[in-house]
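The values are calculated or read from the model by the stated rules, or taken from the named source; none is laboratory data. It should be emphasised that the depicted structure is a prediction, and the values quoted were computed from it without experimental measurement. Note: ideal-geometry Cβ built from the backbone for every residue, glycine included; neighbour counts use all protein chains shown.
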Amino acid sequence: MILRIKKEAAKARFQNMKFFTEVRIMAYVISDDCIMCGACAAECPVGAISEGETKYQIDPDVCVECGACEATCPVGAPHPGE
Ligand code: SF4
Ligand code: SF4
């Protein structure tokens, strides 16, 4: 019985770890190199990018870290956050 409980607890811990590994997404961010061309916003599949005061910005709650903005940007401003 105790062995079974320990086994279940270990399984639950593993599933929790797996869950956090799978959902842990680090949103992209846009550096000050942005020249505000808007190309990344047009390519973002989830509409996470919008025009800010001095550069475009990424909503970290929306970004799915697909990398499309990084691939599109002419100056390499978008990059994975840390
Ligand atoms: S990484 Fe993908 S989802 Fe995130 S802002 Fe860039 S294009 Fe949008
Ligand atoms: S593609 Fe690059 S330069 Fe253009 S708005 Fe996006 S981050 Fe800025």
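Values computed for the structure shown
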item	result
Members of the stretch 44-66 found to be within 12 Å of ligand 1 (Cβ to nearest atom) and either touching a residue at least 40 places away in the same chain (Cβ under 8 Å) or surrounded by fewer than 16 Cβ atoms within 10 Å (Cβ to Cβ) (or both), listed by number	Pro45, Val46, Gly47, Ser50, Asp59, Pro60, Asp61, Val62, Val64, Glu65, Cys66
Some residue of the stretch 46-60 being of a type in the set (Phe, Trp, Tyr) and modelled with pLDDT under 95	no
Contacts under 9 angstrom Cβ, first residue in the stretch 67-82 being in a loop (DSSP other than H, G, I, E, B) and of a type in the set (Val, Ile, Thr), partner modelled with pLDDT of 95 or more and more than 10 Å from ligand 2 (Cβ to nearest atom), 6 or more apart	none
